[in-house]
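To start, the structure under review is shown below, and the notes come after it.
The values are calculated or read from the model by the stated rules, or taken from the named source; none is laboratory data. Computed from a predicted structure; not experimentally measured. Here the Cβ positions follow ideal geometry from the backbone for every residue, glycine too, while neighbour counts run over all protein chains shown.
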Amino acid sequence: MRPRNAAATREAILASALEAFTRAGYDGVGVREIAEAAGVTAMLVNRYFGSKEGLFAEVVEAAMAERTVLTGDPATLAADLAASLVRRTAPEAARLDPFLLMLRSAPNPRAADILRAGIERHVEKHLTDLLPGRDPAGPALALSVIAGFWVMRTLLGSTALAHADEAVVVAKLEKVFEVLLAE
């Protein structure tokens, strides 16, 4: 068991849960497995987070709060999004835990509700705040393109996307994002 340090214990549990939910999805992992990997008991996990659902909600909150492909400059948002998305989905790029977490956990209806709320609260709100007065569907459409591109290029390994000239892909994605995020 780990030494007593509430903040370190909480962080260890969250790290273990992020890894487990990202790897196996909400339905594919139990509190005991998460606790064991964190070096604590399942009872302690429940004391900190209330339940598996509470723990999942905290993991989603942490994962969605981190910026993975979004930037903060409205003037260059479409170009930045396109370049970042292509860079972050390159074969040598580090995996994107928020996407895997979403993909592997979404089949569970309650997990999907938690994921949707986290995405709306952090990612979609960030886009909406950057682009006030614009079509409110635009950010959700842009996020759909991001998720679809990520699945096609990273998970399915689309041959066309894997072998395409990255500059050409960035230019085309930029045009798509410009349309979706326009006033």
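Quick notes
- Residues of the range 32-44 that are surrounded by fewer than 20 Cβ atoms within 10 Å (Cβ to Cβ) and within 23 Å of the chain's Cα centre (by Cα): Glu33, Ala37.
- Members of the range 55-84 that are exposed (fewer than 14 other Cβ atoms within 10 Å of the Cβ) and either hydroxyl-bearing (Ser, Thr, Tyr) or closer than 15 Å to Leu14 by Cβ (or both): Ala65, Glu66, Thr76
- Taking the criterion of being crowded, with 16+ Cβ neighbours inside 10 Å and over 16 Å from the mean Cα position of the chain (by Cα), the residues of the range 154-183 that qualify are Leu161, Val169, Val170, Leu173, Glu174, Val176, Phe177, Leu180, Leu181.
- Once the range 33-86 is narrowed to residues that are among the polar types (S, T, N, Q) and assigned to a helix (DSSP H, G or I), the residue that is modelled with the highest pLDDT is Asn46.
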